[in-house]
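As C-alpha cells, the structure follows; a few thoughts come after it.
Read the figures in this text as sums done on the coordinates, not as results from a lab. What you see is a predicted model, and the numbers here were worked out from it, not measured in a lab. With ideal geometry, Cβ positions are generated from the backbone for all residues, glycine too; neighbour counts draw on all protein chains shown.
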Amino acid sequence: MGRKGRQREIENWQMGGFYDNQGRQQGLWRLNYENFWDLAQIVYAGIYESGIQTQKWDTVLNNNKIGGGCYDYKGQKKGKWTELHQNFFKCNHSHCDATYVGQYLEGRKQGFWQSFFSNKMIGGGIYNDDGQKNGFWVELSDYLNDLNQIIYMGTYNDGLPIGIWEVLLIYDKKHTQIGGGAYNDEGKKNGRWVDLCRDWLNGNKEITLVGEYKNGKKIGLWNTFNWYNQSIGGGEFEDGIKKGQWVELHDNWHQKWPQISYKGIYQNGKKNGRWDTYDNYNAKEKLMLNSYYYLSGGGQFKGGIKNGNWIDVHDEWIPNWREITYHGEYCMGKKLGTWKTFEQQDRLIGGGAFNENGAKNGQWIDADERWNFYSEVIYEGEYRNNKKIGEWKKIDILNGKNSSLDCEYYNEDGPLIESKL
C-alpha cells in the first residue's frame with residue numbers, strides 16, 4: 001500500500017481494534033500514546049497477531065507520522081526506530097518535538113542513538129551489546145521544550161553515570177553551564193553539586209540547589225539560589241533527611257510572581273510545629289496576613305501533617321492581582337468545619353464547611369479560580385460530599401455590583417446537566 005493509501009487508512013481508524021475468540025488483540029489497532037493529552041494527541045497504529053505487536057507500527061500526530069518502527073514475531077522491537085521524548089507536545093506558543101533515533105536488536109537498544117530537536121541533532125550516545133549506555137553521552141532534560149533546552153553531558157560505564165557531569169542551557173545558539181557535579185564509580189552523586197529545581201524554567205524559574213552529596217545522599221547545608229545568585233531558601237540534611245530550620249519555596253514560585261516561601265522546622269524528615277508563610281515579592285519577605293496570623297496562632301504541622309488553624313495561599317497567588325487566602329482548621333491533614341475565603345487579607349468573599357471526611361458539604365461560596373483585579377466572580381450553591389448539586393449561581397461582585405451572570409444545574413451525582421443565562 002502506498003503512503004497516501006496508508007495515511008488515509010490511519011485517518012479512518014477508530015481507537016482500539018479487534019479481539020480473537022481467545023480474547024487476544026488481533027489485526028489493525030490504534031492505541032493512545034502513554035502521555036496522551038490535549039497538546040499531544042498522539043496514537044500508535046499497527047498490527048497485533050495473537051495478542052503480540054508485530055510488523056510495522058507508526059506513531060501518529062494529527063494524521064502525520066512522527067515516529068515508529070518494527071516488531072519481530074516475539075513482539076520485540078527490531079531495526080531502526082524513531083521514539084518520542086516523554087514531554088513531546090505542540091501548541092502555538094511553545095513545543096517539544098524531540099525524538100530519539102537508533103537501532104534495536106531483540107528488544108534492546110544498540111549502537112549509536114541520536115537525539116533531535118526541531119530536526120537538529122542536539123544529543124546522543126552509544127548503547128553497548130547489553131543495551132546499556134556507555135561512554136560519552138549528551139542527554140535531554142525530562143522537561144525539555146523550545147524555551148527550556150537543557151542538556152546533560154557526561155560519561156556512562158555499563159549504564160552507570162560516572163565522573164564529572166555538566167548541566168547546560170542551550171539558548172540563543174549558546175551553551176551555558178548552569179549546574180553539575182560528580183558521580184562516583186557506583187553511579188551515585190558525590191561531593192559538591194549544583195542541582196536544578198525539578199521544574200527549572202528559563203526566564204521564569206531559574207532556581208538552583210547547591211550543596212554536598214555523599215554516596216548519593218544529601219548532607220550538610222543546602223542553599224536555594226535565585227537567578228541573581230541570591231540565597232532565598234534552604235536548610236540542613238543529615239544522611240539525606242531534612243532536619244532543623246528550613247526555608248522552602250512554593251511549588252509555583254516564579255521570577256515575577258508568586259514568590260511565596262515557607263519557614264519552619266523539620267524533625268526526623270517531617271515538618272513539625274509552626275510554619276510561617278511569607279510573600280517575598282520584590283524581595284521584601286513580608287510575613288503574610290500578619291493580623292490573621294496572630295489571631296489564628298499560625299499554621300502547625302504534626303508529624304508532617306497539617307493540624308489546627310491554618311491560612312492557605314491560593315496556588316496562583318499574584319501580588320495586587322490575585323491575593324486570595326483560605327482560613328480554617330485542619331484535623332490531621334483534613335480540612336474540617338468552617339473555612340473562609342479572603343481577598344487582600346480582610347475582604348471576605350466566600351467559604352463554607354467541610355465534613356469529618358474533609359469534603360465540602362452544605363452551602364458554599366466559591367471564588368472563581370481565575371479571580372483577579374478586574375474579574376471578581378463567585379459561585380453560590382450546595383455541595384454534598386464534595387460534589388455540586390442543584391442550582392449554582394454565578395455572580396459578578398466587582399465594585400460591589402452583585403449582578404447575576406448565569407446559573408448551572410447539577411444532578412444528585414454531581415455532573416452538570418444544564419446551564420442558563
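Rounded to the nearest 10 degrees, what's the angle between the helix 3-12 long axis and the longest principal axis of the chain, both from Cα atoms, 0 to 90?
Here the helix axis deviates by roughly 40 degrees.
Just to be sure I understand the model, the point goes 7 Å from the Cα along the line to the Cβ. What's the resulting Glu34 to Glu49 distance in nm?
Result for the modelled spin labels: 2.5 nm.
Subtracting the Cα-Cα distance from 0.36 nm times the residue separation, let me have the gained length for Asn204 to Lys217 in nm, one decimal.
On the way: separation 13, 0.36 × 13 = 4.68 nm, distance 2.83 nm.
Stretched out fully, the Asn204 to Lys217 stretch lengthens by 1.8 nm.
If the elastic network links every pair of Cα atoms under 10 Å, which of Phe116, Phe88, Phe18 fluctuates the most in the Gaussian network model of the chain?
Sorting by GNM fluctuation, first place goes to Phe18.
Do the alpha carbons of any pairs in Lys77/Lys173; Lys205/Lys394; Lys120/Lys205; Lys205/Lys335 sit beyond 32 Å of each other, and which pairs?
Result: Lys77/Lys173; Lys205/Lys394 exceed 32 Å.
Loop only per DSSP, at most 11 neighbouring Cβ atoms within 10 Å: give me the chymotrypsin sites (Phe, Trp or Tyr not before Pro) in the stretch 227-284, ordered by residue number.
Values: sites: Trp227, Tyr228, Phe237, Trp246, Trp253, Tyr262, Tyr266, Trp275, Tyr278, Tyr281; in loops: Trp227, Tyr228, Trp253.
The qualifying sites are Tyr228.
Please list, by residue number, every one of the GluC sites (Glu not before Pro) in the stretch 174-269 that is coil in DSSP and has at most 15 other beta-carbon atoms within 10 Å. Before the final figure, lay out the partial values.
Working: sites: Glu186, Glu206, Glu212, Glu236, Glu238, Glu248; in loops: Glu186, Glu206.
Sparse-neighbourhood loop GluC sites (Glu not before Pro): Glu186.
Taking amide H positions as placed 1.01 Å from N in the peptide plane, with prolines and chain starts having none, which residues 5 or more places from Phe373, or on another chain, fall under 5 Å of its amide H?
Close amide H contacts, sequence-distant or interchain: none at all.
Under a point spin-label approximation (7 Å from Cα along Cα-to-Cβ), what is the Asn411-Arg24 distance to one decimal in nm?
4.1
Amide H of Ile260: which non-local residues (sequence gap of 5 or more, or other chain) have their own amide H closer than 5 Å, using H built in the peptide plane?
His250, His254, Asn280
Top mean-square fluctuation among Leu336, Leu147, Leu28, Gaussian network model of the chain, C-alpha springs under 10 Å?
For the chain, modelled as a Gaussian network with Cα springs under 10 Å, the answer is Leu28.
Using the charge dipole of the chain (Lys, Arg: +1 at Cβ; Asp, Glu: -1 at Cβ; taken about the Cα centre), state which of Gly102, Val60, Asn399 has its Cα farthest towards the positive end.
With unit charges placed on the Cβ atoms, the residue in question is Gly102.
What is the order of Thr82, Thr59, fewest Cβ neighbours within 10 Å to most?
Working: Thr82 17, Thr59 22.
The most exposed by this proxy come first: Thr82, Thr59.
Please give the FRET efficiency for Gln267 paired with Cys331, using the beta carbon to beta carbon distance and R0 = 25 Å, rounded to the nearest 0.05. Don't jump to the answer; show the numbers that get you there.
Numbers: r = 20 Å, r/R0 = 0.82.
Computed FRET efficiency for Gln267 and Cys331: 0.75.
Tell me the label-point distance for the pair Ser118, Glu166, using the 7 Å Cα-to-Cβ offset, in nm and rounded to one decimal.
Roughly 2.2 nm, to one decimal.
Please arrange Tyr44, Tyr183 by how many other C-beta atoms lie within 10 Å of their C-beta, fewest to most. Before the final figure, lay out each step's value.
Numbers: Tyr44 17, Tyr183 23.
Ordered by Cβ neighbours within 10 Å, fewest first: Tyr44, Tyr183.
Once the Cα gyration tensor of the chain is diagonalised, what are the square roots of 5 times its eigenvalues, in whole Å and ordered largest first, as equivalent ellipsoid semi-axes? Walk me through the numbers on the way to the answer.
On the way: eigenvalues 396, 231, 83 Å².
For the chain, the ellipsoid semi-axes come out as 45, 34, 20 Å.
Tell me, what HN-Hα J-couplings in whole Hz come from the Karplus equation 6.51 cos²θ - 1.76 cosθ + 1.60 at θ = phi - 60° for each residue of the stretch 306-322, using x for Gly and Pro?
Rounded to whole hertz, the list is 4, 8, x, 6, 9, 10, 9, 9, 3, 4, 10, 4, 9, x, 6, 9, 9.
Just rank Ile42, Ile219, fewest to most, by other beta-carbon atoms within 10 angstrom. Can you show the working numbers first?
Values: Ile42 22, Ile219 16.
Ascending Cβ contact count within 10 Å gives the list Ile219, Ile42.
Could you list the GluC sites (Glu not before Pro) in the stretch 27-98 that lie in coil according to DSSP, counting only those with at most 10 other Cβ atoms within 10 Å of their Cβ? Spell out each step's value before the answer.
On the way: sites: Glu34, Glu49, Glu83; in loops: Glu34.
When the GluC sites (Glu not before Pro) of the stretch 27-98 are filtered for loop state and at most 10 Cβ neighbours within 10 Å, Glu34 remain.
Within a Cβ distance under 10 Å of Gly216, other residues only, what is the Lys/Arg minus Asp/Glu net charge?
Details: positive: Lys188, Lys189, Lys214, Lys217, Lys218; negative: Glu186.
Within the 10 Å Cβ shell, the charges total +4.
Taking only Cα atoms and a 10 Å spring cutoff, compute GNM fluctuations for the chain and point out the largest among Gly124, Gly350, Gly23.
Checking each option, the largest mean-square fluctuation is seen for Gly23.
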